[in-house]
1. May I ask you to list the residues in the range 90-136 that are open to solvent by less than 60 Å² (accessible area, probe 1.4 Å) and assigned to a loop (DSSP other than H, G, I, E, B)?
2. Considering every residue within the range 25-41, establish whether at least one is open to solvent by less than 30 Å² (accessible area, probe 1.4 Å) and part of a loop (DSSP other than H, G, I, E, B).
3. Is it the case that some residue within the range 71-78 is open to solvent by 40 Å² or more (accessible area, probe 1.4 Å), of a type in the set (Ser, Thr, Tyr) and part of a helix (DSSP H, G or I)?
4. Being open to solvent by less than 30 Å² (accessible area, probe 1.4 Å) and within 14 Å of Thr116 (Cα to Cα) is the requirement here; does Leu272 meet it?
5. Determine the pairs where a residue that is more than 13 Å from Leu59 (Cα to Cα), located within the range 7-34, has a partner that is at pLDDT 85 or above and of a type in the set (Ser, Thr, Tyr) with Cβ atoms under 9 Å apart, the partner being 6 or more residues away or on another chain.
6. Return only the number of the condition from (1) open to solvent by 30 Å² or more (accessible area, probe 1.4 Å); (2) within 30 Å of Ala227 (Cα to Cα) that Thr87 does not satisfy.
7. Sort out which residues of the range 334-360 are farther than 28 Å from Ala123 by Cα and touching a residue at least 24 places away in the same chain (Cβ under 8 Å), and write them in order of number.
8. Which of the residues belonging to the range 220-261 are under 30 Å from Pro172 (Cβ atoms) and free of Cβ contacts under 8 Å to residues at least 24 places away in the same chain?
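The values are calculated or read from the model by the stated rules, or taken from the named source; none is laboratory data. If you're wondering where the values come from, they're calculated on a predicted model, not measured in any experiment. Note that we place each Cβ from the backbone using ideal geometry, even for glycine, and neighbour counts take in every protein chain shown. Note: accessible area is taken over every heavy atom of the protein model, side chains too, but ligands, DNA and RNA are not part of it. Shrake-Rupley method; radii C 1.70, N 1.55, O 1.52, S 1.80 Å.
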Amino acid sequence: MTPPVIDAEGTRLLSQKIPNDEPALLELIATVLTLADGDEVVWATDLNHGGPALLIAILVAHGQNILYIPGRTVHHASKIYRGEGKTDAKDAAVIADQARMRRDPQPLRAGDEISTGLRLLTARRADKSADRVRAINRLQAHLLEYFPALERAFDYSRSKAALLLLTKHRTPDGIRRTGQTRLQAWLKKHGARSSAKVAQAAMDAAKSQHTTVPAQHLGELIVAALAREIITLNKELAELDALIGEKVTEHRHTQALLSMPGFGPVLAAEFLGATGGDLTVFETPDRFAGVAGLAPAPRDSGRITGNHHRPRRYDRRLLRVFYLSGLSALKSCPASRRYYDRKRTEGKTHIQAMLSLARRRLNVLWAMLRDGTTYSTAPARALRMAA
């Protein structure tokens, strides 16, 4: 870490490299407070988790004010400072100077114990999910190269039995030699569902190809390894989902979140992890919508007014939560479906209608968490009168 210390006029008072260890960080805080001589001290960072987590925890424990300046803001701001080089010292100086001059940076959302844990769990789940998608794509690409009929026969993102099949039977000649009866018995023995249907589909694919593609013996080894990897990832994702479902129930906002159509344990956990479990730092629902990417940004110039576009700086985790929960709500919530259909009849595209619905749901969720209430639908009679 290279934290510079500047005063209200921008004069640099201290700049040195500090190891990310508790004794050194405590000494740094004591030095800075001594330099402040009783004046208010404001700390700023461009990261709200990861490497600075220890420093943030120490600062919070000592009651220090911390501002969060996103890395994108620091990147663009650095262009107005002298020199084209990029160093940690320069980035730290830009962060400190921006914190001194700007009035719009938000306080850091450190998050409570449960929300921080949920952020770690959901981040781990996102990594595993991405690994699973990559592995499935690779498996299909390799299988397509030497046995396209079998690649086409199953949806490997959903069929556990098809993945199990590939761990042992994955070539046209090998499946034909095994035979459908023995193939079905092997699948059933290993706990595969719809073993007869899977065995039939595999046999049909094997009968359609009698040509051996060059290097098939190597391709099948890779396919088998990928199939085992995907099976393992499926198990790990199931375990993570169970752990997330258990931990999310410990948070005070969970009951309200799960009462809202479209929110399940995973999306509720992602919401709590992204917000830190406290919406008061956003001050208003409009500002919260801006952070979530659900408030259009104006692009007016001269005589052109009312020109809006999607913001470029927003929390993509929050936007994902509201967008996916809105998609799910279309199937389970009549009020959400009616609002979406109305926006489509007004000429909005699917994406525009979904973003409008997400913004509407954000306002409702803000009021629910503010008042400590759960979601409830309006009575049918009231809906008819409103219509």
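1. The answer is Pro105, Leu108, Arg109, Ala110, Gly111, Asp112.
2. Within the range 25-41, one or more residues are open to solvent by less than 30 Å² (accessible area, probe 1.4 Å) and part of a loop (DSSP other than H, G, I, E, B).
3. No: zero hits.
4. Numbers: open to solvent by less than 30 Å² (accessible area, probe 1.4 Å): yes; within 14 Å of Thr116 (Cα to Cα): yes.
The answer is yes for Leu272.
5. Cβ pairs passing all conditions: Leu14/Thr31.
6. Unmet condition: (2).
7. Within the range 334-360, Pro334, Ala335, Ser336 meet the criteria.
8. If we filter the range 220-261 for residues that are under 30 Å from Pro172 (Cβ atoms), which is where we start, we get 220-235.
If the condition is that a residue be under 30 Å from Pro172 (Cβ atoms) and free of Cβ contacts under 8 Å to residues at least 24 places away in the same chain, then Leu221, Ala225, Thr232, Lys235 are the ones that fit.
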